[in-house]
Amino acid sequence: MSWKKAIETALSEKFKTHIKIISSHYVGGGSINDTRMIKTNKGDFFVKMNSAGKFPGMFEKEAKGLKILDSANVIDVPEPLLWGETGDTAFLVLNYINSSHKKNGFWEDFGTKLALLHKNSSDMFGLDHDNYIGSLPQSNKQHRRWEDFFVLERLEPQIKLALNSGEIDKSFVKLFDNLFSKIDRIFPDEPPALLHGDLWGGNYMTNEKGNPVLIDPAVYYGHREMDLGMTRLFGGFDNEFYYHYNKKYPLEKGWEERLEICNLYPLMVHVNLFGGGYSGSVKAILKRFV
């Protein structure tokens with residue numbers, strides 16, 4: 001069955017009326033997914049597709065993450081309508097969001113809403129299921145201590161992957177070991193926070209009202225500075241964002257320096273996905289701190 005027929009059938013079953021795709025066209029997306037806007041006789045939808053064999057369960061887990069974020073009732077996210085497979089093609093259908101210009105006070109609103117999202121907590125760091133960070137599996141095995149979760153579920157899997165592929169050598173491992181020996185003294189003691197998990201500048205958009213919308217999450221409960229670190233990794237967030245975040249949910253002294261430690265995780269993900277100069281950025285951070 002073609003992807004169009006599969007999606008028409010799934011949408012028709014969901015809405016209990018005949019739905020036909022009139023047209024589709026590509027829209028901007030990442031390196032993993034084929035992303036399209038489809039026009040139907042019942043409105044527009046956003047569709048993501050990829051290989052079910054390469055990325056098993058990815059869209060189901062993305063849908064779960066969006067629902068978790070939405071349940072906080074703080075910040076807008078796309079609504080995951082349905083997901084499924086046809087042959088080796090996996091698909092996720094979301095409501096289509098018309099993008100517009102940022103409203104006045106956008107960054108104040110965004111910073112305040114992220115702070116409120118982070119006030120949603122859990123008893124444990126992690127999540128009750130694993131998911132993905134980009135195209136890499138992300139382990140969310142739960143731990144009571146942030147330091148244990150950060151080392152065992154975030155950094156060590158990426159270190160092992162990069163070492164096995166030859167992207168890093170044993171000198172990196174030694175630097176990481178030195179960092180791990182003092183990790184207990186780096187992060188302030190805070191409760192687990194509900195995180196987007198992959199909050200770089202490409203993973204938010206602006207809806208037709210000019211409000212922030214979070215997309216493409218890698219959700220878990222972690223230290224809230226992880227999300228803030230990601231916002232600094234590739235830029236794109238105004239200083240007003242951090243000011244109003246701190247106004248609503250103040251960060252402990254030294255947070256800006258700690259963001260570099262937080263970013264060891266996404267940087268190691270980039271080492272494993274793209275190689276190149278990312279390992280140099282990792283080594284530079286490690287040498288500053290150890």
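The values are calculated or read from the model by the stated rules, or taken from the named source; none is laboratory data. Keep in mind it's a predicted model, so treat the numbers as computed, not measured. Please note: Cβ atoms are built from the backbone with ideal geometry, for glycine as well, and neighbour counts cover all protein chains shown.
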Considering only residues of the stretch 162-188 that are without any contact (Cβ under 8 Å) to a residue 40 or more places away in the chain and among the acidic types (Asp, Glu), which is nearest to GLY134 (Cα to Cα)?
ASP169
Going by the structure shown, is ASP148 without any contact (Cβ under 8 Å) to a residue 60 or more places away in the chain, outside any loop (DSSP other than H, G, I, E, B) and under 24 Å from ILE68 (Cβ atoms)?
yes
Is there any pair with a first residue in the stretch 255-267 that is under 15 Å from ILE183 (Cβ atoms) and a second that is β-branched (Val, Ile, Thr) and in a helix (DSSP H, G or I) whose Cβ atoms are under 7 Å apart and which are 6 or more apart or on different chains, and what are they?
GLU260/ILE285; LEU264/VAL282; LEU264/ILE285
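Examine the stretch 50-62 for a residue that is more than 21 Å from the chain's Cα centre (by Cα) and either more than 23 Å from ASP130 (Cα to Cα) or charged (D, E, K, R) (or both), and state whether such a residue exists.
So far as the stretch 50-62 goes, no, none of its residues is more than 21 Å from the chain's Cα centre (by Cα) and either more than 23 Å from ASP130 (Cα to Cα) or charged (D, E, K, R) (or both).
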Name the one entry in ASN140, ASN164 that is in contact with a strand residue (DSSP E or B) (Cβ under 6 Å, 6 or more places away or on another chain) and either at pLDDT below 95 or polar (S, T, N, Q) (or both).
ASN140
The correct count of residues that are small (Gly, Ala, Ser) and buried (at least 18 other Cβ atoms within 10 Å of the Cβ) in the stretch 248-290 is 2
If I filter the stretch 160-179 for residues that are part of a strand (DSSP E or B), hydrophobic (A, V, I, L, M, F, W, C) and either assigned by TED's automatic domain parsing to the domain that holds PRO266 or over 27 Å from PHE59 (Cα atoms) (or both), do I get at least one hit?
no
Are any residues in the stretch 21-54 aromatic (Phe, Trp, Tyr) and crowded, with 18+ Cβ neighbours inside 10 Å, and if so, which ones?
PHE45, PHE46
Of the residues GLY87, GLY134, which is modelled with pLDDT under 95 and within 30 Å of ASP189 (Cβ to Cβ)?
GLY134
Condition check for PHE106: over 21 Å from TYR26 (Cβ atoms) and either polar (S, T, N, Q) or surrounded by fewer than 18 Cβ atoms within 10 Å (Cβ to Cβ) (or both):
yes
Could you tell me whether the stretch 164-176 includes any residue that is farther than 30 Å from SER51 by Cα, among the aliphatic types (A, V, I, L, M) and surrounded by fewer than 23 Cβ atoms within 10 Å (Cβ to Cβ)?
yes
Options GLU13, GLU60, GLU8: the member that is in a helix (DSSP H, G or I) and closer than 27 Å to PRO212 by Cα:
GLU60
Is one or more of the residues making up the stretch 218-233 outside any helix (DSSP H, G or I), surrounded by fewer than 23 Cβ atoms within 10 Å (Cβ to Cβ) and not acidic (Asp, Glu)?
no
Determine whether GLY236 is more than 23 Å from VAL290 (Cα to Cα) and at pLDDT below 95.
yes
Within the stretch 192-209, count every residue that is in contact with a Leu (Cβ under 9 Å, 6 or more places away or on another chain), crowded, with 23+ Cβ neighbours inside 10 Å and assigned to a loop (DSSP other than H, G, I, E, B).
2
Tell me which of these PRO212 doesn't satisfy, since it passes every other one: (1) crowded, with 23+ Cβ neighbours inside 10 Å; (2) within 30 Å of SER99 (Cβ to Cβ); (3) not β-branched (Val, Ile, Thr).
(1)
